[in-house]
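Remarks on the structure that follows.
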Amino acid sequence: MNGFGGFKIDHLGIAVRSLEIALGFYRDQLGMQASEPETVPAEKVKVSMLAAGGPRIELLEAAASDSVIARFIEKRGEGLHHVALRVPNLDAVVERLRAAGARILNEPRTGAGGHRYVFVHPSSTGGVLLELIEEHTN
Ligand code: ZN
């Protein structure tokens, strides 16, 4: 068997120093639709989503100095932070990855919008932090 199917790119996460400055480009200059910035306390980030057809672009600003986004920008500067994929059955995927020795960074948890997700460490994925989001089937 070659894979399971059902995967979709949900969004690309971009780490920025300032949402206000980034929205000045993506929303005001480029003209994209952007959601009102929203703080996600569990991740210590402030987020705005940009509509881009199907998959979206997620702009991420650190909401605290010990946020993962603050550490990322300190080390590597602004830029692509993660790729988010929707998966058909998150628990099955996590189990499969754990059994294969992939580095899952958190237990599945519920984020903004009620979606369950995990992150997979770049050392397992070809150098890009990977967010796996459970596909809602309602
Ligand atoms: Zn994300």
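What the table shows:
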{"read-out": "Residues located in the range 6-33, provided they are without any contact (Cβ under 8 Å) to a residue 12 or more places away in the chain and on the phi > 0 side of the Ramachandran plot", "value": "Gly31"}
{"read-out": "So Glu78, is it touching a residue at least 12 places away in the same chain (Cβ under 8 Å), of a type in the set (Asp, Glu) and within 13 Å of the ligand (Cβ to nearest atom)", "value": "no"}
{"read-out": "Number of the exception - Gly127 against (1) exposed (fewer than 11 other Cβ atoms within 10 Å of the Cβ); (2) within 14 Å of the ligand (Cβ to nearest atom)", "value": "(2)"}
{"read-out": "Condition check for Ile69: β-branched (Val, Ile, Thr), surrounded by 12 or more Cβ atoms within 10 Å (Cβ to Cβ), away from the ligand (no atom under 13 Å from the Cβ) and touching a residue at least 24 places away in the same chain (Cβ under 8 Å)", "value": "no"}
{"read-out": "Residue satisfying all of: in the range 36-79; of a type in the set (Ser, Thr, Tyr) and in a strand (DSSP E or B); nearest to the chain's Cα centre (by Cα) among these", "value": "Ser48"}
{"read-out": "Scan of the range 14-66 for residues that are within 19 Å of Arg86 (Cβ to Cβ), touching a helix residue (DSSP H, G or I) at 6+ places or on another chain (Cβ under 6 Å) and buried (at least 17 other Cβ atoms within 10 Å of the Cβ), ordered by number", "value": "Leu50, Leu60"}
{"read-out": "Among (1) within 19 Å of Glu61 (Cα to Cα); (2) of a type in the set (Gly, Ala, Ser); (3) away from the ligand (no atom under 15 Å from the Cβ), the one test that Ala84 misses", "value": "(3)"}
{"read-out": "Extreme residue, farthest from the ligand (Cβ to nearest atom), among residues of the range 1-35 that are at pLDDT 95 or above and part of a loop (DSSP other than H, G, I, E, B)", "value": "Gly31"}
{"read-out": "Residue within the range 95-118 that is assigned to a strand (DSSP E or B), away from the ligand (no atom under 14 Å from the Cβ) and either at pLDDT 95 or above or touching a helix residue (DSSP H, G or I) at 6+ places or on another chain (Cβ under 6 Å) (or both) present", "value": "yes"}
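The values are calculated or read from the model by the stated rules, or taken from the named source; none is laboratory data. Here the structure is a predicted model, which means the values were calculated and not measured. Please note: Cβ atoms are built from the backbone with ideal geometry, for glycine as well, and neighbour counts cover all protein chains shown.
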